[in-house]
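What follows is a short report on a single structure.
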Amino acid sequence: QFSKASSSQEVLAMGVRRWLECVTEYDSPKYIRVQSVTWGCVKCFLYITVALSVCCIVIAHRLYQETDEVNSSVRTSVKGVAYTNDRIWDTAEYTIPMQASLNITSAVNSFFVMTNIIKTENQLEQRCPEYPFGKSICSSDKSCENGSVDIHSHGIQTGKCVNYNATVKTCEVRAWCPVEPMENPPEPAVLRSSEDFTVLIKNNIHFPKFNYTILNVPPILNTSCTYNKTTSPLCPIFRLGDILQEAKENFSEVAVKGGIMAIEINWDCNLDSWFYDCSPKYGFRRLDDKKIKPGFHFRYARYYKLPHGKEQRTLFKVYGIRFDVLVFGTGRKFNGIELIKNIGSMISYFGLVVSAIEIALCVGNCSSCGKSPLYKIYNRKKYETVLNPRQVMYVSYVDEPHVTLIKKPLKTSLQHAQGSVVENHDNEQSEPMRTSESNENHDNEEYELGQPLGQGASSPDCQKWCCCGKCQPTQEYHEQLCCRRKKGQCITTSHWFQQLVLSSHTLKKALLYKDPFLDLTDGNINNQLRHLAYKQYVHWRFGSFDLEDRAVIPSCCRWKIRDTYPKAGNNYTGFKME
């Protein structure tokens, strides 16, 4: 139980320690700097292009300003007088309040101007023939059903079939008689001269976020002005004919059956004092479809009391143009926070420069330009391939300036196996790879380099791989490695091999540096000297990075070290550092 509690405490302490390391560490990405005038100029050009593009976007779309939607109210006043059909038509006659047309619309920002009319006078509530249409035409009383109501009928059928005129018989109805004739509106329109009428539009707007209010009517209004897109773009008085002309419509044609027109008022306001601009811009267009049931009309009646108390009415079927005043807009004002937010969101655009250059380098590498030394060096610096430590070996030849990486399994001697060049790393650079299975205990007897003995293939001719004449014969491919790639003097005969690897004085100093109380007279001191000599050779020939678990020591060097610091009984296991 005590050991379990102690183990739990160790796990907890390890977790806390790792958490503290994460808190006190900062990871920074690693960059590769390419020394190239061409790519440097490309980078500067792209960065300048992106910076200018960001500035243009910020200015063009005014991303440095805060926005607010408009609140609006509209009042209209129509003026004009016409004389037609021997009567005067003034504002009270042709401008019908919208509450009279609630069956059509109840829009507040709208006004209606009558242009055509069909009038049915002296209607009384009584019985009379229905106006002839498909279901109302009859030949006898059997064709008429008492109490029946048709959607197109003007009243309720009485069940009788009566003469409408000398040639047509229709069902009798109880309705306002005489019934309204189903005929087309007069053409030309009765009030076609209403195109010369004018309307004054007063539009108040408010931006609540900025507490700003403005009216489209100037403080001193010239009442004789009329809106013109070029000469008087801010005049709030509009001629009805000009409105339809701006919408590319013919007033005389629209006046026959009516229509729906939109008067658009757009407020795009810059409320900054140094660039103030807040004035309306007017636009006009037709809203109803000219091809599918065009026009706009409704009915209303005027009622009268006759002397004997009976009620009489005059029915009006009115055609005209409904004008809808549509107000929309945006208020803008400088806001530093808004500017920082928008610029911050566009900083990511600079990442496109890196992506573009990477793509260009990739294309250049894939093309014929890839043979250039720049691309070869770039590829070696850019990409590090992490391989399974059990599947690779590193070798170093005295007559070659680099370390060679060779992948398993071997199909020939290690001396003749093809590999890839590994760049030398200095003390400031990271190791190409490090395995977690590396043996950190230098007092351990064995430093295994590769696969165990007995798993390698045998070579029928083992001496062809030796180039220095000092290697020991072996049948295993992974042991067939010489210190040289080409014929020449063995490295074991060099002065530096004697001083750096075999020197007893140097090796003992290194052992005492690690353990000052080490007994150098111990009978097993040769084992420690031999192991240290192996490591010294690896450090000398493979650089300052740790490759004890993957570096292969040539046969001549390994046996020279073993002969200098032999193991009791000389029972070595071949490919192991012992």
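Worth pointing out:
- Heavy-atom surface of the chain, accessible at 1.4 Å and reported per residue (Å²): 59
- Accessible area of the chain belonging to carbon and sulfur atoms, whole % at 1.4 Å probe: 54
- Cα-based equivalent ellipsoid of segment 104-223: semi-axis lengths in Å, sorted from largest, via gyration tensor: 51, 19, 10
- Span-like helix ranges in the chain, DSSP H, alpha carbon extent 24 angstrom or more, Kyte mean at least 0.5: 37-60
- Residue 48 accessible area, assembled protein chains, probe 1.4 Å, Å²: 100
- Taking all protein chains together and rolling a 1.4 Å probe, residue 220 ends up with roughly 150 Å² accessible.
- Nitroxide proxy distance, nm - points 7 Å out along Cα→Cβ at residue 73 and residue 196: 3.5
- The Rg/Rh ratio for the chain is 1.42, where Rg is the radius of gyration of the alpha carbons and Rh is the Kirkwood radius.
- Farthest toward positive dipole pole in the chain [+1 Lys/Arg, -1 Asp/Glu at C-beta], among 306, 259, 378: 378
- Each peptide in 83-93, 285-295 gets a packing score, the mean of other Cβ atoms within 10 Å over its residues, and the list from highest to lowest is 285-295, 83-93.
- Those residues of segment 156-172 whose amide nitrogen sits under 13 Å from the label point placed on residue 145, 7 Å along Cα→Cβ: 157-159
- Cα-based values for segment 213-254, radius of gyration first and Dmax second, are 12.3, 40 Å.
- Residue 333 sits with roughly 80 Å² accessible to a 1.4 Å probe, with DNA, RNA and ligands left out of the calculation.
- Accessible surface comparison of 304, 572, probe 1.4 Å, protein chains only, largest first: the order is 304, 572.
- Efficiency of FRET between residue 380 and residue 508 - r from beta-carbon atoms, R0 30 angstrom, step 0.05: 0.15
- Only DSSP H runs of four or more residues enter the estimate; each adds -39500 (n - 2.57), and after division by the residues of the chain the mean residue ellipticity at 222 nm equals -7500 deg cm²/dmol.
- Note on residue 356 and residue 47: their simple-model spin labels are 1.4 nm apart, each label 7 Å out from Cα toward Cβ.
The values are calculated or read from the model by the stated rules, or taken from the named source; none is laboratory data. What you see is a predicted model; the values in this text were computed from it and never measured. Note that each Cβ is placed from the backbone with ideal geometry, even for glycine, and that neighbours are counted across all protein chains shown. Surface areas here come from the heavy atoms of the whole protein model, side chains and all, with no ligands, DNA or RNA. Shrake-Rupley method; radii C 1.70, N 1.55, O 1.52, S 1.80 Å.
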